[in-house]
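Structure first, then comments.
Read-outs: derived from the displayed coordinates by stated rules, not from any lab. On a predicted model such as this, the values are computed, not experimentally measured, just so you know. Cβ coordinates were reconstructed from backbone atoms using ideal geometry, including for glycine residues, and neighbour counts include every protein chain displayed.
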Amino acid sequence: MALLHQPITINADHAQFIQSGVSIILASANAQRVSSVGRALGCSLSASGDSLELFLIATKVIPLLDDLRAGQPVAVTFTRPSTHRTLQIKAPHAKLLPARMDDRPVIARYLQDFTADVDAIMGGSQSALLRVALGLPEEVNVRLVLQPTALYEQTPGPLAGQALVA
């Protein structure tokens, strides 16, 4: 998954989508190509649109963090459960930093919006169970910073896999 592209800028439509209540799954791999995955609890895009922050609970994503600390590339998939709209961002590496108190409102809003979307398709209140499984804003202790170098349409259908910006 060698990424040789220059950093890209995320447009307003894609920025709104990735910062909303979507499922955020990260993937990487170690040097032996054994994959690692994890879930982020929110995304914040820089004002310039060329850098994003993802929020994680370290104890839930240990292999992924190990791979990222080793400098491995990362792919981040953003999916709205109710529509299956999906975008994927790739970056050649990520910077791991401690989460900040200022991140908690972003994480809380993300959890509220994501669980509401899941509730809408499940036909009942799954929020409490889902929040226990995902974790709480105060449990988030890692802020992952990355500069995207590629953006792909991944919504199931004829355009899946199409590069949107590369």
At R0 = 41 Å, how high is the FRET efficiency between R69 and L159 if r is their beta carbon distance? Nearest 0.05 is fine. 0.75
Dividing the helical contributions, -39500 (n - 2.57) per DSSP H run of n ≥ 4, by the residues of the chain yields a 222 nm value, nearest 500 deg cm²/dmol, of -7500 deg cm²/dmol
What does the extension gain come out to for S48 and H84, with contour length at 0.36 nm per residue minus their alpha carbon separation? 10.2 nm
So how far, in whole Å, is the C-alpha centre of segment 1-74 from the one of segment 102-166? 11 Å
Globularity index of segment 31-99, i.e. its alpha-carbon radius of gyration over 2.2 N^0.38 Å: 1.15
I want to check the label-to-label distance for Q32 and N141. Put each point 7 Å from Cα in the C-beta direction and report it in nm to one decimal. 2.7 nm
Which log10 I(q)/I(0) values does segment 12-154 give at q = 0.10, 0.15, 0.17, 0.22 Å⁻¹ under the Debye formula, counting every alpha carbon as one identical point scatterer? -0.31, -0.71, -0.92, -1.49
Full-stretch length increase - M101, S23 - with 0.36 nm per residue and alpha-carbon distance subtracted: 25.9 nm
Order the peptides 18-29, 127-138 from the highest to the lowest mean number of other Cβ atoms within 10 Å of their residues. 18-29, 127-138
